[in-house]
Structure formats: structure tokens, C-alpha cells
1. If you take just the helices (runs of 4 or more DSSP H) that sit entirely in segment 163-212, which of them hold at least 1 residues that are open to solvent by 70 Å² or more (accessible area, probe 1.4 Å), modelled with pLDDT of 85 or more and not charged (D, E, K, R)?
2. Please tell me if PRO56 is surrounded by fewer than 17 Cβ atoms within 10 Å (Cβ to Cβ) and under 18 Å from LEU196 (Cα atoms).
3. Could you pull out the residue among ALA90, ALA78, ALA67, ALA39 that is more than 26 Å from ALA206 (Cβ to Cβ) and either under 16 Å from the mean Cα position of the chain (by Cα) or aliphatic (A, V, I, L, M) (or both)?
4. In segment 148-162, which residues are among the charged types (D, E, K, R), closer than 23 Å to ASP87 by Cα, at pLDDT 75 or above and touching a helix residue (DSSP H, G or I) at 6+ places or on another chain (Cβ under 9 Å)?
5. Report whether or not ALA134 is within 30 Å of GLY58 (Cα to Cα), exposed (fewer than 15 other Cβ atoms within 10 Å of the Cβ) and modelled with pLDDT under 70.
6. Answer yes or no as to whether ALA8 is touching a residue at least 12 places away in the same chain (Cβ under 8 Å), touching a Phe, Trp or Tyr at 6+ places or on another chain (Cβ under 8 Å) and more than 19 Å from CYS114 (Cα to Cα).
7. Look through VAL38, VAL49 and report the one residue that is within 15 Å of ARG66 (Cβ to Cβ), out of contact with any Cys (no Cβ under 9 Å at 6 or more places or on another chain) and in a strand (DSSP E or B).
8. Just to check your reading of the model, which residue among LEU162, LEU196 is more than 21 Å from ILE89 (Cβ to Cβ) and either among the aromatic types (Phe, Trp, Tyr) or touching a Leu at 6+ places or on another chain (Cβ under 8 Å) (or both)?
Amino acid sequence: MFLVDDHALFRTGVKAELDAAKDQVEVVGEAGSVDEAVAGIAHFKPDVVLLDVHMPDGGGAEVLRRARPAQPEVVFLALSVSDAAEDVIAVIRNGARGYVTKTISGRELADAVCRVAEGDAVFSPRLAGFVLDAFADRPGAAPIRDPELDLLTPRERDVLRLLARGYAYKEIASELFISIKTVETHVSSVLRKTQLSNRYELSRWASDRRLV
């Protein structure tokens, strides 16, 4: 397991708690910033990253955006003092497999790390409802805002949705009754706003946000 948190004292405490569960979890490295985390994950290639949600240089969501594409086999478990719905959904939408709060015990944390490594999704009890509401297509589901998604206009979302489904520019133009040039303009705008490089990255980004 690789540990990411900007507070050195907290990292020390987590490692001490997990020492009692060495038969389950081994901490192979740690990081206190987004840049250190991305570099450390690439170097150690851990099975699980225990990820702080809020850090001064971007936080857990930024680590996920930068590290996951290059290390798709790594599983991320968010650990935070925050139990706000927006924080939970932001990291889950970016690929975290679970979210637990820092009130969790050392033994429970070790168990959560093992469970996500085995493919389970793990949440502190009251947080699971946020995820179900956010991803359930049902009336009354609580709308969770995604700041990145909110940057896109409705037409840009339409273009992105079709692009992620594998449509060619010509097909998108025909489907939306716009010109190919307009499609290209919208795609360029979406790439700029999302800071992604190509349609393949856009497709994954759209899929993570259930736009497809």
C-alpha cells in the first residue's frame, strides 16, 4: 500500500496503526503532495493507494486524474476527515474504489484496504447513500455537482457524449444537425476545458462521469 497525505504526523499515525496488521497490509511508500504521489505511485506500483482528499496542491482528485491513466491496475481508497457528499462523489467519479473517514480504526482501515484490493467497493456507512443517490437514475436522487462537468455547455456535453460512444465527427454533425467545423470547435473547447489531450482520454473522462 502507498500512503498519500499532506500531514506527516498523520502518515506516521496511520503507519503505526497498520503495523498491527502487517500480515494484511504493508506500507511500501508515502507522499505528502500531488507531485510526490504521482511519482511514488509510478515508482512503487502499489496494489492500493490510500489517498487524502484535501491537499494544498490539488488533493485526491488531482492525484487520480494524473496517476490513474498511467497505472490503471492500481486501486485507490480515499481517506478523509470530510464526509461531504461533494468530496465523496468527486473522488469516486475520478476512479477511487472507496471512501472512508478518518474516524476509522486501524483494524477497520486494514480491512478496507484488503477489500478494495480484492475488488470490493468500501464506504463508511453513511457515505454509501451519497454514491447511490449520485449514480442512481431515479427521481429524487440528490444532484451532486461536478465542477469540471459544469464547465461544459449543454451542446459541448452532447458532442462529448457522442464522441465517447465512438461516433466520427461527420456522424456527430449529422446527429446534431451542425457542421463538421462546429463539431471540431466544440471538441477543441472541451479538450481545453478538461485539459485532456485526445478523444481517447475524453472518452474515458466521459465514461467516468456516466455521460455515455
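The values are calculated or read from the model by the stated rules, or taken from the named source; none is laboratory data. Every value quoted in this text rests on a predicted model; they were computed, and no experiment measured them. Note: ideal-geometry Cβ built from the backbone for every residue, glycine included; neighbour counts use all protein chains shown. Ligands, DNA and RNA are excluded from the accessible area calculation, which covers all protein heavy atoms including side chains. Shrake-Rupley method; radii C 1.70, N 1.55, O 1.52, S 1.80 Å.
1. Ranges flagged: 169-176, 180-194.
2. no
3. One residue alone meets the criteria, ALA39.
4. Correct list: ARG157 only.
5. When the stated conditions are applied, ALA134 does not pass them.
6. Against the criterion (touching a residue at least 12 places away in the same chain (Cβ under 8 Å), touching a Phe, Trp or Tyr at 6+ places or on another chain (Cβ under 8 Å) and more than 19 Å from CYS114 (Cα to Cα)), ALA8 does not qualify.
7. VAL49 is the lone residue from the list that is within 15 Å of ARG66 (Cβ to Cβ), out of contact with any Cys (no Cβ under 9 Å at 6 or more places or on another chain) and in a strand (DSSP E or B).
8. Checking each option against the conditions leaves just LEU162.
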